[in-house]
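Contents: one structure, followed by commentary.
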Amino acid sequence: MTTHFITDANLTALLDSLAKEGLVLTCRTAPDSEHVLYAPHEQGDAFEYTGFRPAPALKGLLFPPQEKVGEYPAASAEAPEPAAPPVVVGPANCDLRALASLDAVFMADDFRDGFYTGRREKLFVITQDCTNPRLTCACTWLGLKPYPEEGFDLNLSQVSGGYVIEVGSEKGRELLGSHSSLVGDATEEALGERDNRRAEAQKALEQINEEYALGMTRRELLALGDAAEAWASNVSTCVECAACLFACPTCHCFLLYDQKAGDKNERVRVWDACSYGGYSRMAGGGNPRPLLMDRFRHRFMHKFDYFPENNGFEMCSGCGRCIEGCAGKIDMRKLFKALESSVNASDS
Amino acid sequence: MPVEKTACSCSEKLYLPRPATIVKVRQVTPTEKLFELRLDDGSDLGHQPGQFVEVSLFGYGEAPISVSSSPTRKGTFELCVRAAGSLTNAMHKLPEGATIGIRGPYGNGFDTEQLKGKDILFIGGGIGLVPLRSLINYVLDNRGDYGKTTILYGTKSPAEILFTDELKAWEEDPTVDFRMTVDRGDENWTGHIGVITTLLEDLETGPATTYAVVVGPPIMYKFVLLSLRSQDFRDDHVIVSLERRMKCGVGKCGHCQMNSIYVCQDGPVFNYARIKDFPEAF
């Protein structure tokens, strides 16, 4: 992949140029908060390099929390074309990884979801390297990296005096091609500095996750039959709020409901969560997962066993949003560590 | 805009129903009605026996309902619906001529090719007969393609017996061995009394050439599967159809997930050998 160099001032000029064409969302640290949020780029705004992913996941842009997916009886059979997503500047590699999970679900060959697919194909992502990981970060625990290697359009790596800007797609190449006066060659020094910063971030993440390192795969640990205590101790503080699932960039459960709109009915899709008691309950009263424990376990089985079985990779990006958002301080890494301890305990 | 304007080749109508008209409604038990429906665009539903549709009721939403008629009977299709929740109760109030919405058919349906040339033992409990009936009538309409046909049907009480006219025809059909039972009789009941496994015990089956197709409530599976095993049925000669909360019907929303399987796509019909070790199956 090609790399270039862009100065701080020229990056602002590039974003200014993009913002003249449509909405550009850039990451911004929220006032009086540690959270990074997205905000529209205004002309002349300097790009704020946060070195950490924004709090909102990209899924909300492609698969909104609530969305009309049609109306019937239809005046015209076609649903209105969903609005194109903005250019997004600032997601990290974990966010990209999550998109791969959503793509596998919504862009499956047999039934493609037009709303998701339409936006996904138009999404333009300028990612950033993650160099300021937090204690909740778990990408290296999952074998992933804090910087992207594929799936982005452009990527920014902060170095002295500006950024190494890497091209990750044809769309990205075209964009830089039409703004060629703003970028120069990336020097050996700049690339070396980028690689050093990446290595430092990787090392920091490995240290953060050292205490959670596992000797078995997550699938193997989930298959253990005698780990009831490990599960029970980790679910005990769950209040079934589903913050973990709504914050999760890969979770994609939804409900369809109808509402009246004049003489028509609107069909609305809204996010749902498999931890809710009524989630799989049937009209006749049967419920395959009646206990919170069943549903808690299902969350991890889906992410680390069922989804890999069907798609070849884990449905987790290691972004840590579920850990950050949990009122009960549940940390998936501790759960797996507890599962592993239960093996060691039964061995001894 | 650096964004490419690519045309989307996918369906924008994934979640929208096709209108269908209720041609005929019949109250078949105190809690079940049989609806005969025709798609307003004049097309056939094009289903396989054992598939289901998502029924839309204006202002109520959707519910997954098994198709009860055989695809060999063209022009219309039938849904037998128990008034159980808000949508199905509202559906029971609809008159003939009313319009509802249909998405689907979805799911895999029964493998009618695999069953060709085989003896078939149908075991239906309660409203499990509803999806089973689509396959029974399919087999009877293609009689030459299938071997010996045995139908066992059980309900809790005589009041819950479905499709009485058809049961009579099956009973009188010399090519069909039809037997039924109720868990508890009433003053007019002169037939067999006992749970459905008691019918199975009296039966001479040839497990090597027979496929058992079982549809019923979870408790029935438990005992019927034990009984079939004691009669030397191989697990892969047992076909079941499972009930789940299938919301989207297209393998995305997650509600019907059973271990690694989306029942709405990989099911609702399963070979028992495939799912017998799934903790969430029954």
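The values are calculated or read from the model by the stated rules, or taken from the named source; none is laboratory data. The structure displayed is predicted, hence computed values, not measured ones. Don't worry about glycine lacking a Cβ; one is built from the backbone with ideal geometry, like all the others, and counts go over all protein chains shown. These accessible areas exclude ligands, DNA and RNA; they are computed on the full protein's heavy atoms, side chains included. Shrake-Rupley method; radii C 1.70, N 1.55, O 1.52, S 1.80 Å.
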Problem - Conditions (1) free of Cβ contacts under 8 Å to residues at least 40 places away in the same chain; (2) within 30 Å of A:Pro64 (Cβ to Cβ); (3) assigned to a helix (DSSP H, G or I): number failed by A:Leu245 - result: (1)
Completion exercise
Of the conditions (1) modelled with pLDDT of 95 or more; (2) over 30 Å from A:Ala213 (Cβ atoms); (3) among the small types (Gly, Ala, Ser), the single one that A:Gly328 does not satisfy is (2)
Handout entry: In segment B:1-27, residue nearest to the other protein chains (Cβ to nearest Cβ) [restricted to those that are at pLDDT 90 or above, over 22 Å from A:Tyr257 (Cβ atoms) and surrounded by 17 or more Cβ atoms within 10 Å (Cβ to Cβ)]
Key = B:Ile22
Exercise for the section: Considering (1) outside the structural domain of B:His192 (by TED's automatic domain parsing); (2) touching a Lys or Arg at 6+ places or on another chain (Cβ under 7 Å); (3) under 20 Å from B:Asp173 (Cβ atoms), say which one B:Gly147 fails and leave the rest. Expected result: (1)
Exercise for the section: Hey, could you check segment A:295-330 for residues that are open to solvent by 50 Å² or more (accessible area, probe 1.4 Å), more than 16 Å from A:Val105 (Cβ to Cβ) and part of a helix (DSSP H, G or I) and say which is farthest from the other protein chains (Cβ to nearest Cβ)? Expected result: A:Glu324
Completion exercise
Across segment B:36-59, the tally of residues that are open to solvent by 50 Å² or more (accessible area, probe 1.4 Å) and either in the same structural domain as B:Leu135 (by TED's automatic domain parsing) or part of a loop (DSSP other than H, G, I, E, B) (or both) stands at 7
Exercise for the section: Mind listing whichever residues of segment A:19-67 are closer than 20 Å to A:Gly318 by Cα, touching a Lys or Arg at 6+ places or on another chain (Cβ under 8 Å) and small (Gly, Ala, Ser)? Expected result: A:Ala55, A:Ala57
Exercise for the section: Residues being acidic (Asp, Glu), part of a loop (DSSP other than H, G, I, E, B) and open to solvent by 30 Å² or more (accessible area, probe 1.4 Å): count how many of those fall in segment A:144-180. Expected result: 2
Practice task
Filter segment B:230-282 down to residues that are more than 7 Å from chain A (Cβ to nearest Cβ) and among the acidic types (Asp, Glu) and give me whichever is farthest from A:Glu309 (Cα to Cα).
Solution key: B:Asp232
Exercise for the section: Might you check whether a residue that is part of a loop (DSSP other than H, G, I, E, B), over 27 Å from B:Tyr146 (Cβ atoms) and outside the structural domain of B:Phe52 (by TED's automatic domain parsing) occurs anywhere in segment B:225-244? Expected result: yes
Practice task
State whether one or more residues within segment B:252-267 are over 26 Å from A:Thr250 (Cα atoms), of a type in the set (Phe, Trp, Tyr) and not assigned by TED's automatic domain parsing to the domain that holds B:Tyr60.
Solution key: no
Exercise for the section: Out of A:Glu42, A:Glu71, report the one residue that is outside any helix (DSSP H, G or I), open to solvent by 60 Å² or more (accessible area, probe 1.4 Å) and either farther than 25 Å from A:Val159 by Cβ or in contact with a strand residue (DSSP E or B) (Cβ under 9 Å, 6 or more places away or on another chain) (or both). Expected result: A:Glu42
Problem - Given (1) open to solvent by less than 10 Å² (accessible area, probe 1.4 Å); (2) touching a residue at least 60 places away in the same chain (Cβ under 8 Å); (3) under 25 Å from B:Arg82 (Cα atoms), index of the condition B:Leu200 fails - result: (3)
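Does at least one position in segment B:66-76 carry a residue that is in a strand (DSSP E or B) and of a type outside the set (Asp, Glu)?
Yes - at least one qualifying residue is present in segment B:66-76.
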